[in-house]
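Have a look at the structure below, then the notes.
The values are calculated or read from the model by the stated rules, or taken from the named source; none is laboratory data. Since we're looking at a predicted model, the values are computed, not measured. Cβ coordinates were reconstructed from backbone atoms using ideal geometry, including for glycine residues, and neighbour counts include every protein chain displayed. These area figures cover heavy atoms from the full protein model, side chains too; ligands, DNA and RNA do not enter into them. Shrake-Rupley method; radii C 1.70, N 1.55, O 1.52, S 1.80 Å.
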Amino acid sequence: MHIRFQSAAEAAAPRLLAFVVARDKLPAGIERAVIEGAAAARFSGKTGQLFEGFVERGGQVVRLALAGAGPANGDDEAGGSALERAGAALAARYLTSGEATLTLDAGASGLDAKGLASVLLGLRLRAWRYDAYRTRLKDEQKVSLKDVVVLDAPEGAEAAWQAAAALADGVEFTRELVTEPANVIYPESFVERCLKRFEGTGAELSFLDEDEMRKLGMGALLGVAQGSARKPRLLVIKWLGGEAGGKPTVFVGKGVTFDTGGISIKPAAGMEDMKWDMGGAGAVAGAMLAFAGRKARANVIGICGLVENMPDGNAQRPGDVVTTLSGQTVEVINTDAEGRLVLCDALTWAQREFKPAALIDLATLTGAMIIALGHEHGGLFSNNDGLADDLLAAGKASGDKLWRFPLSPAYDKLIDSPIADMKNVGPRWAGSITAAQYLQRFVEGSTPWAHLDIAGMVWADKPGATWDKGATGFGVRLIDGYVRAKLES
Ligand code: BES
Ligand code: MN
Ligand code: ZN
């Protein structure tokens, strides 16, 4: 979607003219029929409400749209997220409406630069979809909305939108990676897609291949990869926009491009969902794209542990013992608990290579997380209260919400193994916590570390505030908000 700014004088007479309205406050100069129509339809400007009416102006029929961004009764949620939802409501309504251009009257909507950027961000994020493989769409199913023209934008609006647009680019890239099927996005092609997308951004990309990982001793990651015909990759994306020589904040993503479970194979029903088992890596790549796009003044590094978990004659077996890069050994009780095996080697390598100021991993790690939190919060686990609080705050502010869970030696004991240093699964209970305990065994010294289990957040079965059903892009806005608040202010 193309978004541009114009003055009312230079713009063509709009065909579809939209306003964002606060609760019980319609913009001035609206025709009586629309005012009375809105009242009759019980439109009051509540967040997410939309009303449209047709009027005649200067001999032309104009479609007027009113998008609500005011709090509902007894609800104090207004501000940025309400404005995003107003923009999202416009996108949802007009994306395939037949209208090609939506004109947004920012002046009459009383939006400041930040508020306008919120509306446009919501509009763009809700308008994203991926029709690359839909070759038989009927005309009325195709996206018609191509342009958004903003009238009378306030001072500073274009700069505010530029930063928000970089964030939208990041979220969209994550959604694309997550949406692509596993025959298209596998470790090597994930890297290729990133190399292409990051061209000209100034970010620095590199990767480790199988031989390099073997030489280093990443036995856990390679154990997962060995059952697949696809070669594993460890992708590194660097954006060093902060103080020269300053310690970086490192994000590590689980990138299992398909998770069959391996020899501990998953049931057939719903297995197709496991194409999005790379959602953590996808979020890391998308966030890095946003940082580069908006030239973030921070030193940030993204690492994606990319493997495919398949069963074949060479696959690892339950009971196998692998040696991790850290030197610790792991008894692989269940080959379906593969995410932690990939992450542990990536975490060790990240710490040795970069001495991070903070280390944050994102992973679709456990089904148990979805049982605990559903699709409303990601799970947060951390060895550092300050880091945990900062992430919780970034979650609230960005809409990518988190909820903290405990860690303790009593949980840690549950993954002791009789034959190796640890096993890769605990008992049935507290499955998300024992997964986090496993990862914590690979945190070195006092490195501030947080683990985000986003299994329930990467994919949606129904449309949400600023996404359609499908890939949500969860995590990008969270990380971006965290970096903005902690490293850039
Ligand atoms: N990728 C899955 C977790 C998952 C399940 C994410 C459903 C999203 C939806 C992970 O690799 C896995 O299989 N975890 C197992 C762990 C178990 C074997 C201890 C699980 O959650 O069942
Ligand atoms: Mn698994
Ligand atoms: Zn998995």
Exercise for the section: May I ask you to list the residues in region 247-277 that are assigned to a loop (DSSP other than H, G, I, E, B) and either within 11 Å of ligand 1 (Cβ to nearest atom) or open to solvent by less than 30 Å² (accessible area, probe 1.4 Å) (or both)? Expected result: Pro248, Thr260, Gly261, Gly262, Ser264, Ile265, Lys266, Pro267, Gly270, Asp277
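Among strands (runs of 3 or more DSSP E) lying entirely in region 357-441, which contain 1 or more residues that are among the aromatic types (Phe, Trp, Tyr) and on the phi < 0 side of the Ramachandran plot? Working first, answer last.
Values: elements: 358-363, 378-382, 402-404.
Correct list: 378-382, 402-404.
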Handout entry: Trp403 within 24 Å of the chain's Cα centre (by Cα), closer than 30 Å to Leu83 by Cβ and either at pLDDT 95 or above or open to solvent by less than 10 Å² (accessible area, probe 1.4 Å) (or both)
Key = yes
Exercise for the section: Hey, can you tell me all the residues within region 367-378 that are open to solvent by less than 10 Å² (accessible area, probe 1.4 Å) and out of contact with any Leu (no Cβ under 6 Å at 6 or more places or on another chain)? Expected result: Met369
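What are the residues in region 338-356 that are farther than 21 Å from Ser408 by Cβ, open to solvent by less than 50 Å² (accessible area, probe 1.4 Å) and assigned to a helix (DSSP H, G or I), if any?
Once the filter is applied, which keeps residues that are farther than 21 Å from Ser408 by Cβ, open to solvent by less than 50 Å² (accessible area, probe 1.4 Å) and assigned to a helix (DSSP H, G or I), region 338-356 yields Gly339, Leu341, Val342, Asp345, Ala346, Thr348, Trp349, Ala350, Gln351, Phe354.
Please verify whether Ala287 is more than 27 Å from Gly319 (Cα to Cα) and either more than 21 Å from the chain's Cα centre (by Cα) or more than 16 Å from ligand 3 (Cβ to nearest atom) (or both), treating the condition exactly as stated. Outline the logic, then answer.
Working: more than 27 Å from Gly319 (Cα to Cα): yes; either more than 21 Å from the chain's Cα centre (by Cα) or more than 16 Å from ligand 3 (Cβ to nearest atom) (or both): yes.
So Ala287 fits the description; yes.
Residues checked against (1) at pLDDT below 95; (2) within 30 Å of Lys138 (Cα to Cα):
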site: Leu17; (1), (2): no, yes
site: Gly29; (1), (2): yes, no
site: Val34; (1), (2): no, no
site: Phe43; (1), (2): no, no
Fill in the blank from the handout: Matching residues in region 226-271 (within 16 Å of ligand 2 (Cβ to nearest atom) and within 21 Å of the chain's Cα centre (by Cα)) number 7
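Tally the residues that are closer than 27 Å to Pro248 by Cβ and either charged (D, E, K, R) or open to solvent by less than 10 Å² (accessible area, probe 1.4 Å) (or both), restricting the search to region 318-337.
1
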Problem - Positions within region 299-334 being outside any strand (DSSP E or B), more than 13 Å from ligand 1 (Cβ to nearest atom) and among the β-branched types (Val, Ile, Thr), in sequence order - result: Thr324
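Confirm whether Gly280 is within 15 Å of ligand 2 (Cβ to nearest atom), buried (at least 16 other Cβ atoms within 10 Å of the Cβ) and under 19 Å from Ala203 (Cβ atoms).
Details: within 15 Å of ligand 2 (Cβ to nearest atom): yes; buried (at least 16 other Cβ atoms within 10 Å of the Cβ): yes; under 19 Å from Ala203 (Cβ atoms): yes.
Judged against the criteria, Gly280 is a match.
Yes/no matrix, rows are residues, columns are (1) touching a helix residue (DSSP H, G or I) at 6+ places or on another chain (Cβ under 7 Å); (2) of a type in the set (Val, Ile, Thr); (3) within 12 Å of ligand 1 (Cβ to nearest atom):
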| residue | (1), (2), (3) |
| --- | --- |
| Asp336 | no, no, yes |
| Gln351 | no, no, no |
| Thr366 | yes, yes, yes |
| Ser382 | yes, no, no |
